[in-house]
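Shown next, in structure tokens, is the structure this report addresses.
Bear in mind that the values in this text are calculations on the coordinates, not laboratory data. If you're wondering where the values come from, they're calculated on a predicted model, not measured in any experiment. Every residue, glycine among them, receives a Cβ derived from its backbone with ideal geometry; neighbour counts consider all protein chains shown.
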Amino acid sequence: MAKPQIPLDDDDLVFVDAAKSETARSPIPLSKFRNSGLDHRERDATISQGEARPDSVRTLRCRTVAQGRLSQLNYIRILPPQLVKEHEASSQLEEVNAPNASEALLAALGSCLATGIHANAIAQSIPIRSLEVNLAGDINPNAVWGTGDLNPKPIGFQAIEVSVRLDADAPRKVLDALIKHVVLWSPVANTLHNPVHLDVKLLPDATGPSDRS
């Protein structure tokens with residue numbers, strides 16, 4: 001099949017969501033996402049804001065509400081709730097109709113990297129025909145969140161393999177440098193790379209039977 005010819009206009013670059021299956025899909029023109037895309041003006045405005053306030057911090061929030069049967073709804077801003085669901089021992093992973101938490105982590109990393117590749121391609125005037133980020137990681141599920149096999153073992157991903165399929169009008173050396181730059185400045189990649197302080201506490205209004213008596 002002949003590759004589509006993509007004009008140099010930013011709005012007509014092609015972007016493919018990172019969270020996709022191995023089934024081949026047609027690239028999605030960015031012109032279909034004009035209202036949410038990133039063009040030169042938006043990028044330049046964002047850069048200017050960052051240069052004016054280099055130490056600014058924005059707090060991101062998510063409220064996770066358990067729904068039963070190992071499923072949760074995640075509320076972010078005013079977006080529709082995002083379902084995350086762990087598969088039960090009696091079910092096959094392929095039968096679960098939502099990503100589990102570890103898969104959602106892979107999706108977050110893939111989406112962050114794909115966004116960075118797209119933004120930096122625009123900055124370097126590199127036309128992209130298609131972009132796909134494939135991620136994989138091995139995980140031992142036997143501890144079952146601390147309710148199963150509690151013998152010492154690695155918990156969570158010990159390594160994540162990321163492969164980028166990128167069809168763009170630039171030499172491979174340029175694309176390799178672009179990918180390395182994106183990983184270096186990816187917020188999600190840095191969160192995974194760096195020791196992150198995790199502060200988990202029980203809220204004061206949490207109660208049990210003895211507290212209500």
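Here the gap between Asn151 and Asp169, fully extended at 0.36 nm per residue and compared with their Cα-Cα distance, gives a gain of 1.4 nm.
Projecting the Cα atoms of Ile117, Ile155, Gln82 onto the charge dipole of segment 60-190, computed from C-beta unit charges around the Cα centre, puts Ile117 farthest toward the positive end. Inter-label distance, Leu203 to Ala101: 1.8 nm, where each label sits 7 Å from its Cα along the C-beta direction.
Most tightly packed first, judged by the mean number of other beta-carbon atoms within 10 Å of their residues, the peptides 197-205, 98-106 read 98-106, 197-205. Here the residues Trp145, Trp185, ranked from fewest to most Cβ neighbours within 10 Å of their Cβ, fall in the order Trp145, Trp185. Dipole size of segment 117-180 about its Cα centre, with +1 on Lys/Arg Cβ and -1 on Asp/Glu Cβ: approximately 200 debye, rounded to the nearest 20. Packing here is the average count of other Cβ atoms within 10 Å per residue, and on that basis the peptides 146-155, 172-181, highest first, run 172-181, 146-155.
Between Tyr75 and Asn140, the contour length at 0.36 nm per residue exceeds the Cα-Cα span by 20.6 nm. Taking amide hydrogens as placed 1.01 Å from N in the peptide plane, the amide H of Ile128 sits under 5 Å from those of Val14, each at least 5 positions away in sequence or on another chain.
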